[in-house]
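Presented below is the structure to which this report refers.
Derivation of every value follows stated rules applied to the coordinates shown; laboratory data play no part. Being a predicted model, the structure only gives us computed values, none of them experimental. FYI the Cβ positions are ideal-geometry reconstructions off the backbone, even for glycines, and counts take in every protein chain you see.
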Amino acid sequence: MLQLYTKCKKCRKEINFFSFASDRFKLAKDQGDAIELICENCHSKENYHVNDIKAEGNKIVNLLALFISIFGTIGIWLFIWDFLFKLTNVFAIGNLIAITIFPSSFYSIFQYSQRERIRYFNIKYYI
């Protein structure tokens, strides 16, 4: 889900809304060439062309991914803590430590994916 925004034509404040559209073509297909939005600041109802709308990162989803990676790492360490000290093989210990890297790499991969989706939305214009 992308957080989309545009500027109000009257008061120039940002109007934010969410959409599952991956690009402006999909957004135009779902909601039409001109999207009717209501400004929360001045309460004006205007139509905005899909090319006037831009995407930005969703902070709630980013925080959720961060919490999953942090608590996933802590959970894996709590799960393998007792088992880790029973091992004497260096390779087994290395593998267990590598397993804990997965939750943190989840966050990095998610961030990269989110940036690419935003870039893909903002780079394509609807004709």
Which value, in debye to the nearest 20, gives the size of the charge dipole of the chain about its Cα centre, when Lys and Arg are +1 and Asp and Glu are -1 at the Cβ?
340 debye
With only helices counted (DSSP H, runs n ≥ 4, each -39500 (n - 2.57)), the per-residue ellipticity at 222 nm for the chain, to the nearest 500, works out to -18500 deg cm²/dmol
Could you tell me how far the Cα centroid of region 77-127 sits from the Cα centroid of region 1-65, in Å?
31 Å
The local net charge around ASN41, scoring Lys/Arg +1 and Asp/Glu -1 for residues other than ASN41 whose Cβ lies under 15 Å from its Cβ, equals +3
As a footprinting exposure proxy, order ARG119, ARG24 by other Cβ within 10 Å, with the fewest listed first.
ARG119, ARG24
Whole-Hz couplings from phi, Karplus 6.51/-1.76/1.60, listed for region 4-12; x for Gly and Pro:
10, 8, 8, 9, 5, 5, 9, 9, 6
So what are the three principal axis dimensions of region 59-123 from its Cα atoms, in whole Å, longest to shortest?
53, 21, 7
J(HN,Hα) series, region 23-36, from Karplus relation 6.51 cos²θ - 1.76 cosθ + 1.60, nearest Hz, glycine and proline x
8, 5, 5, 5, 5, 5, 5, 6, 10, x, 5, 10, 9, 7
Anyone know which of ILE109, ILE93, ILE68 comes out most mobile in the 10 Å Cα GNM of the chain?
ILE93
Under the Karplus curve 6.51 cos²θ - 1.76 cosθ + 1.60, θ = phi - 60°, whole-Hz ³J(HN,Hα) for region 114-121, x wherever Gly or Pro sits
5, 4, 5, 5, 5, 4, 5, 5
Non-local residues with an amide H under 5 Å from the amide H of SER19, with H modelled 1.01 Å from N and Pro and chain starts lacking one, are LEU2, LEU4
What are the residues whose amide H is under 5 Å from the amide H of ASN58, where those residues sit 5 or more places off or on another chain and H is modelled from the backbone?
GLN3
